[in-house]
Amino acid sequence: MLRIIVGLALTVVAGAIAGRRMFWLYRLGRTGQPAPERVAALREHPGRGAQTQVTEVIGQRKLLQWSVPGLAHAFTFWGFIVLLLTIIEAYGALFSKHFAIAAIGTWAWVGFIEDLFAVAVLAGIITFTVIRLTSDPKKEGRKSRFAGSHTGAAWLVLLGIFLVVATLLIYRGAQINTGDFPYPHGAFASEIVGHWLHPLGAANKGIETTFILLQLAVILAFGVFVTYSKHLHIAIAPVNVLFSRRPNGLGPLQPMRSNGKVLDFEEADPDEDVFGIGKVEDLSWKAMLDLATCTECGRCQSQCPAWATGKPLSPKMIILELRDHAFAKAPYLLAGSDEAREALPASAKAEAARPIVGDEESRGVIHPDELWSCTNCGACVEECPVDIEHIDHITGMRRHQVLVESAFPVEAGTMLRNLENKGDPWGMGASKRTDWIGELDFEVPVVEGAIGADVEYLFWVGCAGALEDRAKKTTKAIAQLLHAAGVSFAVLGPAETCTGDPARRIGNEFVFSMLAQQNIETLTEAGARKIVASCPHCFNTIAREYPQLGGDYEVIHHTQLLAQLVADGKIKPVTPIGERVTYHDPCFLGRHNRVFTPPREIMEQVPGLRAQEMHRCKERGFCCGAGGARMWMEERIGKRINTERIDEALGTDPDTISTGCPYCLVMLGDAVAAKKAAGEAKESLEVVDVAQLLIRSVQQSAMAGAPAEPAGAAEASPDSSDQA
């Protein structure tokens, strides 16, 4: 009877404390904006939700990419799933000393599995202890992924997990000696402990009762502690993963929403509608869930190019700063009435008055330098084991700063004005978009009206591909290769305008919407069926963001098309290129759209070419620094991101650096030029698109009247426009 009274009393008290906290968190989450699209997406694709639970939560896919800590976490996670059986057994033992789970409670293999995972959990926490002891954020500074994390709670959790397993094995060992243990054999760890306790004789009765109650007390105390700490993710991470946009968490930005509905700029009311994230309650409930789910593991921070190059942005700290502010502002948000808010302490009202973005003087939660350092590369979202969508939060704050506060880097203003007035970031105008065609010795059809039935692809050239001198070389190479392969294509020429990607990524959703609707109207009138784009930013925007505005098209990147043409034998690289080449993965082609293989397949087919991967490649590729509209902002803090990337590329001793993006071409080319000027890179080193490598290897006789670009052409010093 004592077991029952004490055990149930502990359960009621712990349940009340934890339940009160969870209800408080639920109420706080409800202060956020609606997110009906998340519920709708789950209802529309329930299989996808189930798949993410299996792979991300149960399978621990992302965590296992970090082999040692990932395996330790997986052992601990899987161990606790299995040890749910032992919790049932502990509660059953309150009511019956000979309790066994119905049907399976006396099977020896169940006892073996329980003990096996109990030992696995111990191995996991020992590994975590070693990692924590050998990684000191104070000594390692920015190099530590735990820099800025609340590490004190981690030690309490490790102690709690140890006590859960220790009390479990002790009471099971005592049960073996008292004859109350349900498993005849197989529970090897419990049997070892039972052997240790056997000399205590009759005392095992008291040990059994005491440690069953201690087992429940530790589990319940651990459960209460979890609800008040970062380890809340144990309970809510599966929910966050369920409502995440995985596997599409990268790629398209979400449209601006107010009160759960997509914002219509023509009918929007600045006094009533939400424009981005200007205060914490402007976050959606899903975004609030993101904040509470963060494990503070720092994987996002360790992969962030801004953080790696000495800038103040840490994706982890963005989430933690917003979370801490939301918790501190909770009394104000949950007060319920103006009178109740007036009665709050001055400190609570001061916290409520803090702007989301602001400098030290204004006591902003997020410093502007953090906000504008983001390149939207997606490394943070890629690495996060609980599917937090950092880019959505950053973009939301940018939108409010641009559209409401008119506060953004001054040099970006020129880019936005050029987009509005000229349709391209450089302000060169539509008349310049076909200049590159005159440099070819064959005709490229320019669409006037509808696309002819004989045209297979609309070639979306993009602003950089049409106007930036280095990128124009890529454009010409693609056109020559398509012509040689017998692929019929046409371009929009002056009718093409910027897709709006730079405007959207900087936060000006209004300009993006204007440009996107103009392009969708043009593409619809032209009857575009299949589009090939040379710029990953254009590719991503047209393929994955235009559908939000009704523009659905079949879009392919030029490396995908060229790889297919090579595989089909329509393009035959023959001339050897005896160079060592390292390939740089563009973020918006690779991580955002999972196009990793086609560029490499092209390079594999070029005779004599020796490909050498950089350490950070594919899913863990390192940004060039141009994304997130950073191409048009000055980089004044820390080391330049493109320089960091080129330093890594130089480690492979390349003759050529290849890529598949005009932004990367410009950024990496600028860094190489700086290295050459400093005498830190060989003069022959060049940065080219994969299409330029391919065309060098194609025999002139195979070009059917479209001569390949001479090998030395790409080495000529380009007369290119500089970034703004």
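Numbers for the structure displayed
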| item | result |
| --- | --- |
| Mean projection area, nm², convex hull over Cα of the stretch 257-407 | 9.8 |
| Average silhouette area of the stretch 501-656, convex hull of alpha-carbon atoms, in square nanometres | 10.9 |
| Calculated over the chain: convex hull of Cα atoms, volume per residue (Å³) | 191 |
| Furthest towards positive pole of dipole, A154, T86, V193, structure part the chain, Cβ charges | V193 |
| Dipole magnitude of the stretch 257-407, debye to nearest 20 (Cβ charges: Lys/Arg +1, Asp/Glu -1, about Cα centre) | 520 |
| Percent RCO, i.e. relative contact order, over the stretch 257-407, from Cα pairs under 8 Å lying at least 6 residues apart | 30 |
| D (Stokes-Einstein, µm²/s), Kirkwood Cα radius, the stretch 62-232, 0.692 mPa s at 37 °C | 191 |
| Estimated [θ] at 222 nm from DSSP helical runs (n ≥ 4, -39500 (n - 2.57)) normalised by residues in the chain, nearest 500 | -15500 deg cm²/dmol |
| Within the chain: Cβ-based charge dipole about Cα centre, in debye rounded to nearest 20 (Lys, Arg +1; Asp, Glu -1) | 2520 |
| Crossing angle, helix 203-227 versus the chain [Cα axis fit, 0-90 degrees, rounded to tens] | 30 |
| In degrees, nearest ten, helix 84-95 long axis to first principal axis of the chain (Cα) | 20 |
| Relative contact order for the chain, counting Cα pairs under 8 Å that sit 6 or more residues apart, in percent | 12 |
| Inter-site label distance for K572 and E683 at 7 Å from Cα along Cβ, in nm | 3.8 |
| Residue among P598, Q564, A629 farthest towards the positive dipole end of the stretch 564-655, charges placed on Cβ | A629 |
| Proportion of all alpha-carbon pairs of the stretch 353-490 beyond 21 Å (%) | 62 |
| Burial order of peptide ranges 297-307, 606-616 (average beta-carbon count within 10 Å, highest first) | 297-307, 606-616 |
| Local electrostatic count, P573, Cβ distance below 12 Å [Lys/Arg +1, Asp/Glu -1] | +1 |
| Positive-end residue of L668, G260, A108, charge dipole of the chain with Cβ unit charges | A108 |
| The stretch 3-47 versus the stretch 401-424: alpha-carbon centroid distance in Å | 43 |
| Residues listed by number, the stretch 21-35, amide nitrogen under 16 Å from A235 label point at 7 Å toward C-beta | 21-30 |
| Two-site label geometry, A40 and T55: point separation in nm, points 7 Å out along Cα→Cβ | 2.5 |
| Residue order, fewest to most beta carbons within 10 Å, for H325, H537, H592, H400 | H325, H400, H592, H537 |
| Full-extension gain in nm, Y26 to H195, via 0.36 nm per residue minus C-alpha separation | 56.1 nm |
| Folded to 0 to 90 degrees: helix 469-484 orientation relative to the chain principal axis, Cα | 80 |
| Mean-position separation - Cα centroids, the stretch 563-631 and the stretch 217-240, in angstrom | 44 |
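None of the figures in this text is laboratory data; all of them are computed from the coordinates on show. Quantities reported herein were computed from a predicted structural model and do not represent experimental measurements. As a convention, Cβ positions derive from the backbone with ideal geometry for all residues, glycine included, and neighbour counts pool all protein chains shown.
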